Amino acid sequence: TTIFLSILKRGALLILCHMNRIGALHLPSTPGPSPPEQEVYGWGQLSNEESTGMELYPIQCETLIELGVRQIACCEFGVVVLTQSGQVYQQTHGNNGPRLKKCFILLEAFIQDDVTIKKIVAHPEGKHFLAITTQGELYSWGFGDGGVLGNRDNSYCKTPTRVNTLGNNKVVDIACGSLHSACITDDGALYTWGIGKFGRLGLGNGDDRMVPTKVTMEVEHAVFTNVACGSGDAHTLAVSSDGRVWSWGDGDYGKLGRGAQASNSSAVPQVVDKMDGKEIIKVYAGPQYSIALSKDGKVYWW
């Protein structure tokens with residue numbers, strides 16, 4: 001059983017489990033025992049036909065199960081669902097708006113571009129989405145404040161639009177912060193864009209960037225495999241192929257992981273020495289904390 005958690009700033013939380021059933025309704029029947037059912041649960045401030053509004057306990061979201069969910073991403077103004085077939089549905093939140101089933105719409109932009117999506121991301125405190133296709137193309141949509149969409153524009157973009165400012169580079173990982181974005185290409189290069197305050201972009205200063213910009217300072221030989229973006233007085237974390245953790249941006253409360261004497265902001269990536277030898281494979285950047293997952297399943301928090 002695989003479980004995904006997606007948290008919404010307004011108070012909703014969704015859980016997706018039993019991933020091995022995904023898409024079963026759309027496939028021919030095969031001999032043998034039936035696979036376990038997929039289950040999707042939510043609680044908090046929901047907006048679906050199974051909910052009356054604020055749910056204090058988990059309830060099943062039958063509407064989402066019908067879609068054959070592969071991944072769920074939530075941000076401040078909406079929910080995006082990626083199905084097993086690579087289609088993407090979106091619900092935009094509004095006060096006293098339509099219920100979930102009526103306002104989940106298929107994003108036809110991906111169909112029109114003849115692409116299949118393999119990953120979607122958002123940030124609970126953000127207002128934009130990123131997606132990557134099976135061919136490594138990057139798409140963005142939502143509110144463009146500070147250039148977080150990477151398309152040279154601050155405007156709101158309702159329709160998912162390909163980010164053409166990366167040239168022919170194929171994207172393998174993506175991350176949304178509340179006010180900045182990041183991606184990793186198939187050659188292990190790291191790109192950041194959006195609001196640069198506190199040095200969160202890792203480009204040596206606090207300037208904003210309207211397009212993806214390659215992070216080069218202090219990381220000449222690093223091959224990156226995972227990246228995470230925070231919120232508020234934001235910081236950024238990344239993992240390189242040798243299992244090391246890198247951090248930069250705002251350093252309040254020790255979230256950069258370099259001790260009380262190094263809690264100031266850093267505008268360039270630096271290795272978190274305390275994590276050397278831990279073989280980290282994934283990181284998460286919270287508002288004022290950081291989390292890392294090691295290859296052997298251990299979780300580290302600072």
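The values are calculated or read from the model by the stated rules, or taken from the named source; none is laboratory data. Here the structure is a predicted model, which is why all the values come from computation and not from measurement. Glycine also receives a Cβ, built like all others from the backbone with ideal geometry; neighbour counts cover every protein chain displayed. SASA here: full protein model, heavy atoms, side chains in, ligands and nucleic acids out. Shrake-Rupley method; radii C 1.70, N 1.55, O 1.52, S 1.80 Å.
Of the residues 260, 226, 216, the one whose Cα sits farthest toward the positive end of the charge dipole of the range 195-302, with +1 on the Cβ of Lys and Arg and -1 on the Cβ of Asp and Glu, is 226.
For the range 97-228, averaging the sequence separation of C-alpha pairs within contact (under 8 Å, six or more residues apart) and dividing by the residue count gives a relative contact order of 19 percent. For the range 223-302, the Cβ-based charge dipole about the Cα centre amounts to some 160 debye (Lys, Arg positive; Asp, Glu negative; other atoms uncharged). In terms of distances greater than 23 angstrom between alpha carbons, the cross-link table entries 118/282; 158/214; 118/298; 158/282; 119/214; 119/255 yield 158/214; 118/298; 158/282; 119/255.
Report, to one decimal in Å, the Kirkwood hydrodynamic radius for the range 153-227 based on all distinct Cα pairs.
Values: mean 1/r = 0.0772 Å⁻¹.
Mean inverse Cα-Cα distance, inverted, gives 13.0 Å.
The residues of the range 101-208 present an accessible area of 41 Å² per residue when probed at 1.4 Å with all protein chains retained. Using the Karplus relation 6.51 cos²θ - 1.76 cosθ + 1.60 with θ = phi - 60°, the per-residue 3J(HN,Hα) values for the range 59-75 come to 10, 6, 9, 4, 4, 6, 4, 4, 6, x, 6, 9, 7, 10, 10, 10, 9 Hz, with x marking Gly and Pro. Across all directions, the shadow cast by the convex hull of the range 114-246 built on its C-alpha atoms averages 7.4 square nanometres.
Using a simple spin-label model with pseudo-atoms 7 Å out from Cα toward Cβ, residue 252 and residue 158 lie 3.6 nm apart.
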